[in-house]
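Written out below as C-alpha cells is the structure these notes cover.
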Amino acid sequence: MSASFLNDEFFSRLETLSLELRANLGGFFGGKHLVRTYGQTVEFADYREYMLGDVIRRIDWNLYSRFEKFFLKLFTDERQMHTQIFIDCSASMGKDMPEKANYTLAAAAALGYLSVHNMDKVSFKLVKGDRCEDAFGTIVGKRAFFNAVSALENIEFDGEGDLYRAISGASGVGTNDGLAVIISDFFTESDWRRAVDFLCYKKKQVLLLQVMTPDEADPAYSGRVNLIDCEAGGVDDPKNLRIRINRANQLAYEAALRDMQAELRSFCSSREADFISVRTDYPIEKMLFKELLKVGVIA
C-alpha cells in the first residue's frame with residue numbers, strides 16, 4: 001500500500017518541529033535534549049563549591065583567586081532520546097481499509113522522522129498477535145530511516161492484537177530513555193491499560209494515538225445489515241452480527257464510543273500520559289501541528 005502524502009515537502013515541513021519530553025531523560029549522550037542533570041557539553045550552566053572526590057580539572061581558578069575557595073564549573077547535559085512506536089497491525093487497523101492503514105503508517109513515519117532529524121533514535125515495533133516484531137531494529141540517521149519507511153508500506157494488517165502481552169514482551173524497551181507511542185484504534189479486548197502501566201513502569205513518556213475511519217467514528221448505517229468483524233474467525237463467528245439498526249442503536253453506539261474515549265483520556269491523565277483521537281479524514285499535518293502541539297509532545 002502507498003501512503004502518497006509521505007513526500008519530501010511533507011518531511012521538510014516537519015523539520016521546524018521537535019519532540020519534547022516532560023520528564024528527565026536517562027538516555028545516551030550525543031542528542032539534543034537538555035536534561036536537568038549536569039554533564040559534559042561546552043555550554044556553561046552554573047557553579048558549585050568543590051567537594052572531596054570532585055574532578056580537579058573543573059575547578060575555576062579565576063574564582064579561587066578572587067574568593068580563595070574552590071568552585072567547580074558545571075555544564076549542561078544533552079541526551080539522545082529513543083522513540084519507540086508500537087503499531088497495532090491487527091485487521092481492524094488496515095485490512096480492507098487502506099486509508100486507515102496509510103494514515104497509521106504516515107503518523108508513525110512522521111514521529112519517526114522528528115526523532116532522527118533531531119539526532120534521536122527510533123524503533124518501529126509491529127504488534128502482531130501477542131508479540132512485537134522489530135523488523136528494522138534501532139534506527140539512527142535519515143538514510144536508515146527512509147529505508148525503513150519504504151518497507152513500512154508493505155506491512156500487512158491481519159488477525160488480532162494483544163497490546164499488553166506484545167509490548168511487555170518486546171525486546172529492547174529500555175528504561176527512562178524517551179517516548180513510547182501506541183498507535184491503535186483500541187477496539188480490542190486486550191488489556192491496553194496494562195500496556196500503558198508497563199510503559200509507565202519503564203519510566204517512558206507515553207502517547208496513545210487512536211486512529212478511526214469516519215464510518216467508525218460516526219456510522220451512518222440503517223436498516224438490516226450484516227456486521228462482519230474483520231478479526232473474526234469466519235462467517236459463523238459469534239462476533240459477526242445480523243442486526244436491524246435504528247436510531248436507538250446509533251445513539252447507543254455514540255454513547256459507547258464517548259465512554260470508551262473518556263476512559264482512555266481519564267486513564268492516560270491518571271498516568272501522566274497523553275491521548276489523542278483522530279479520524280482518517282482529518283489532515284495528518286493538522287494532527288501533527290495542532291493536536292500534538294496542544295498536548296505538548298512536540299514544540
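Here are some notes:
- Residue in the stretch 283-296 that is more than 13 Å from the chain's Cα centre (by Cα), buried (at least 19 other Cβ atoms within 10 Å of the Cβ) and among the β-branched types (Val, Ile, Thr) present: yes
- SER150 small (Gly, Ala, Ser), part of a helix (DSSP H, G or I), over 15 Å from ILE85 (Cα atoms) and modelled with pLDDT under 90: yes
- Each residue in the stretch 251-277 was checked for being at pLDDT 90 or above and of a type in the set (Phe, Trp, Tyr), and 2 pass.
- THR280, sole failed condition from (1) in contact with a strand residue (DSSP E or B) (Cβ under 9 Å, 6 or more places away or on another chain); (2) at pLDDT 95 or above: (2)
- Residue match in the stretch 236-243 (condition: at pLDDT 70 or above and more than 31 Å from the chain's Cα centre (by Cα)): yes
- In the stretch 158-232, counting only strands (runs of 3 or more DSSP E) that sit wholly within it, the ones holding 3 or more residues that are in the same structural domain as ILE284 (by TED's automatic domain parsing) and under 16 Å from the mean Cα position of the chain (by Cα) span 179-184, 205-212.
The values are calculated or read from the model by the stated rules, or taken from the named source; none is laboratory data. Being a predicted model, the structure only gives us computed values, none of them experimental. Here Cβ is always computed from backbone atoms with ideal geometry, including for glycine, and neighbour counts include all displayed protein chains.
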